[in-house]
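Remarks on the structure that follows.
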Amino acid sequence: MNEGDSPKSWLSRLTDVWSDEPETRDDLIAVIRDAAKRGLMDVEALHIIESTLQVSERQVREIMIPRGQMVAIRSDDELREFLPGLIESAHSRFPVLAADNPDEVLGILFAKDLLKLILDGRDRIALKDYLRPAFYVPESTHLDKLIREFRSKKSHMAIVVNEYGGIAGLVTLEDALEQIVGEIDDEHDYEDDEDVLIRETGPKEWVVKALTPIADFNEHFGSRFNNDDFDTIAGIVINGFERLPEKDEQIVLERWKFTILAADSRTIRLLKVEPS
């Protein structure tokens, strides 16, 4: 201790240091955002950290593919009956349901296993002989626990069940990870031709990629959106909402109505544009 320093002054200094420590999740997020503002981390890292903190609050039911949208196979279906649907979906794994009980999942069929059978020239296949085990999660499961389950079971797909034991839907590891890092695209994920930014889908109706440059949008629609502050039409729309909008939300800007067709936890991706 230096001369002139008292125990009280040292105690005050320690109190000052610890008083700035975050005590709640909101405090922690505020500290992280402040660090980003001061250039200690980039915006991408900030989004990932914030999303990671939010994962423990979200449940499987919020991100699952509902039962009505599942691409599934009945165990008594013949190859020629279900193969076109499987090819169109471009998925890699498919639940196989019992023929006499649609709430019973017999297992998961991998597309790579099916391909081997097709190459062998088989027309009739005993699906049950080629299934991988399915595992189940309640729809109330939190996403952080779901990700741990995927890791421990070395699985990429889970069947979601409701409180009565019926099938509510399915969820994949990719679905869960996208809540942290944003949309994960692969060679099968596309939104029409990647070179087409604006596509007419009906009378006075267009689908527009959100990353369309404002200058291109203005040229096509005769609008006068300012590109001083933003580069893309996504920036204009998000600024209009003053927040990140969700799928199906709408807003009117100038004389155009924008409907959000596709969005993830970090940005919007696809818009429907109509005259207001």
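Laboratory data are not the source of any read-out in this text; all were calculated from the coordinates shown. All figures in this text were calculated on a predicted structure; none of them were measured in a lab. Using ideal geometry, Cβ is built from the backbone for each residue, glycine included, and neighbour counts are taken over all protein chains shown.
Given a cut-off of under 8 Å on Cα pairs at least six residues apart, what relative contact order in percent is computed for segment 69-133?
33 percent
Bridgeable lysines around Lys209 (alpha carbons under 25 Å apart, same-chain partners fewer than 8 residues away excluded): Lys247, Lys257, Lys272.
Dipole size of segment 69-133 about its Cα centre, with +1 on Lys/Arg Cβ and -1 on Asp/Glu Cβ: approximately 320 debye, rounded to the nearest 20. Of the GluC sites (Glu not before Pro) found in segment 100-172, those in coil by DSSP whose Cβ has at most 10 other Cβ atoms within 10 Å are Glu163.
A straight Cα-to-Cα reach below 23 Å connects Lys112 with the lysines Lys128, Lys153, Lys154, residues fewer than 8 places away in its own chain not being considered. May I ask what percent, to the nearest 5, of DSSP beta bridges between residues of segment 135-185 are antiparallel? Counting DSSP beta bridges with both partners in segment 135-185, the antiparallel share is about 60 percent.
What is the magnitude of the charge dipole of segment 135-185 about its Cα centre, with +1 placed on the Cβ of each Lys and Arg, -1 on the Cβ of each Asp and Glu, and no other charges, expressed in debye to the nearest 20?
I would put it at about 380 debye.
At an R0 of 41 angstrom, the distance between the Cβ atoms of Asp103 and Ala215 translates into a FRET efficiency of 0.15. Does segment 135-185 come out rounded, prolate or oblate by the C-alpha gyration tensor, with a ≥ b ≥ c the root eigenvalues, rounded set by a/c under 1.5 and, if not, prolate when a/b is larger than b/c and oblate if not? It is prolate, given that a/c is not under 1.5 and a/b is the larger ratio. Each Lys and Arg contributes +1 and each Asp and Glu -1, all at the Cβ; summed about the Cα centre of segment 190-276, the dipole is approximately 300 debye.
Translational diffusion of segment 198-275, estimated by Stokes-Einstein from the Kirkwood radius over alpha carbon pairs at 20 °C in a medium of 1.002 mPa s, is 175 µm² per second. For segment 30-176, the calculated P(r) over all alpha carbon pairs, in 5 Å bins from 0 to the bin holding the longest distance, is 2, 9, 16, 18, 15, 12, 9, 6, 5, 4, 2, 1, 0 percent. Full extension of the chain segment joining Glu139 with Glu44 gains 31.2 nm, where the gain is 0.36 nm per residue of separation less the Cα-Cα distance.
Over all distinct alpha-carbon pairs, what is the Kirkwood Rh of segment 69-133 in angstrom?
Numbers: mean 1/r = 0.0843 Å⁻¹.
Roughly 11.9 Å, rounded to one decimal.
With the cut-off at under 13 Å, measuring from each backbone N in segment 141-163 to a point 7 Å along the Cα-to-Cβ line of Arg61 picks out 141-142, 161-163.
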